[in-house]
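The values are calculated or read from the model by the stated rules, or taken from the named source; none is laboratory data. Note that this is a predicted model, so its numbers are computed, not measured. Glycine also receives a Cβ, built like all others from the backbone with ideal geometry; neighbour counts cover every protein chain displayed. Each accessible area value is taken on the protein alone, full model and side chains, heavy atoms only, with ligands, DNA and RNA left out. Shrake-Rupley method; radii C 1.70, N 1.55, O 1.52, S 1.80 Å.
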Amino acid sequence: MEKKRVVHLIGDVTAESISRLSDQVFQLWKEDPEGEITLYVGSVGGGVTAGLAFYELVRACKIPLVTIGLGNVGSMGLIVWAAGTRRLATANTQFLIHELRRHFENEWLRTSDFETGLYNLKLDEDTLLQIIAGICGQSREELHAIAHLERSLTVKEAVDLGLLREEDILR
């Protein structure tokens, strides 16, 4: 009997959820490096560090990962979905590309802290837009304009953008 090679990320992208997911994917890949692994993604996002780590792991190891978007796939959830060598989505999936933000709570910050924080925020945003641009063939500037709108894209809009192919919509 063949072992199921299906994993999921439903919920926030956190260090804990990505650590669990990475362990599962890596174990399945070690058992059969050529066999496809299916990852269902329904996540509105979360931590940049965790999401990028997963994306880089999958890409660096050349893991044959099929990602399937479910419901809302946004922000870092979109980057996890983008890690797939094949990317599919259900007909009602919504995709969100938005500007990055940071939350500061009860901290005293110096001007240099803001300057450093802004530099790092722009660096992260540029990296994420570059990943998305690599999928859809749009420029980072065009994607930044879309991110600035802060609204979800339907699967049709995702197809028009080049993020998804019509034949990769699961109906």
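Between their Cα atoms, which of LYS3/LYS30; LYS4/LYS30; LYS4/LYS156 are more than 22 Å away from each other?
Too far apart for the 22 Å limit: LYS4/LYS156.
Per residue, the range 101-171 exposes an accessible area of 73 Å² to a 1.4 Å probe, with every protein chain left in place.
Per residue, the chain reaches -15000 deg cm²/dmol at 222 nm when only DSSP H runs of four or more residues are counted, each adding -39500 (n - 2.57). Tilt of helix 48-61 relative to the longest C-alpha principal axis of the chain, in degrees (0 to 90, nearest 10)? It is inclined by approximately 40 degrees. What FRET efficiency comes out for ARG86 versus ASP23 if R0 is 25 angstrom and r is the Cβ-Cβ distance? Round to the nearest 0.05. Approximately 0.70, to the nearest 0.05.
GNM on the chain, alpha-carbon springs under 10 angstrom: the most fluctuating residue among ALA147, ALA15, ALA60 is ALA60. Full extension of the chain segment joining GLU107 with THR49 gains 18.8 nm, where the gain is 0.36 nm per residue of separation less the Cα-Cα distance.
Where the accessible area of the chain is counted over protein heavy atoms with a 1.4 Å probe, how much of it, in %, is carbon and sulfur? Please report the intermediate quantities before stating the final value.
On the way: 5210 of 9870 Å².
Looking at the chain in its full context, I get 53 percent from C and S.
Take LEU70: with every protein chain present and a 1.4 Å probe, its accessible area is about 60 Å². Where both bridge residues fall in the chain, DSSP classifies roughly 10% of the beta bridges as antiparallel.
Under a Gaussian network description of the chain, with springs only between Cα atoms under 10 Å, the residue in ARG20, ARG102, ARG140 that fluctuates furthest is ARG102. The C-alpha atoms of the chain define a longest principal axis, and helix 15-31 lies at about 30 degrees to it.
The range 126-167 and the range 12-85 have their alpha-carbon centroids 19 Å apart. Consider the candidate values (i) 152; (ii) 177; (iii) 127; state which one is volume of the Cα convex hull per residue in Å³ computed from the structure displayed. Structure-derived value, by its label: (iii). Computed from backbone phi, the HN-Hα couplings of the range 111-123 come to 4, 5, 4, 5, 4, 5, x, 5, 4, 5, 5, 5, 5 Hz, rounded to whole numbers (Karplus: 6.51 cos²θ - 1.76 cosθ + 1.60, θ = phi - 60°; Gly and Pro given as x). Helix 140-149 and the long axis of the chain differ in direction by around 80°, with both axes built from C-alpha atoms.
Model label sites at LYS122 and LEU149, defined 7 Å from Cα along the beta-carbon direction, differ in position by 2.5 nm.
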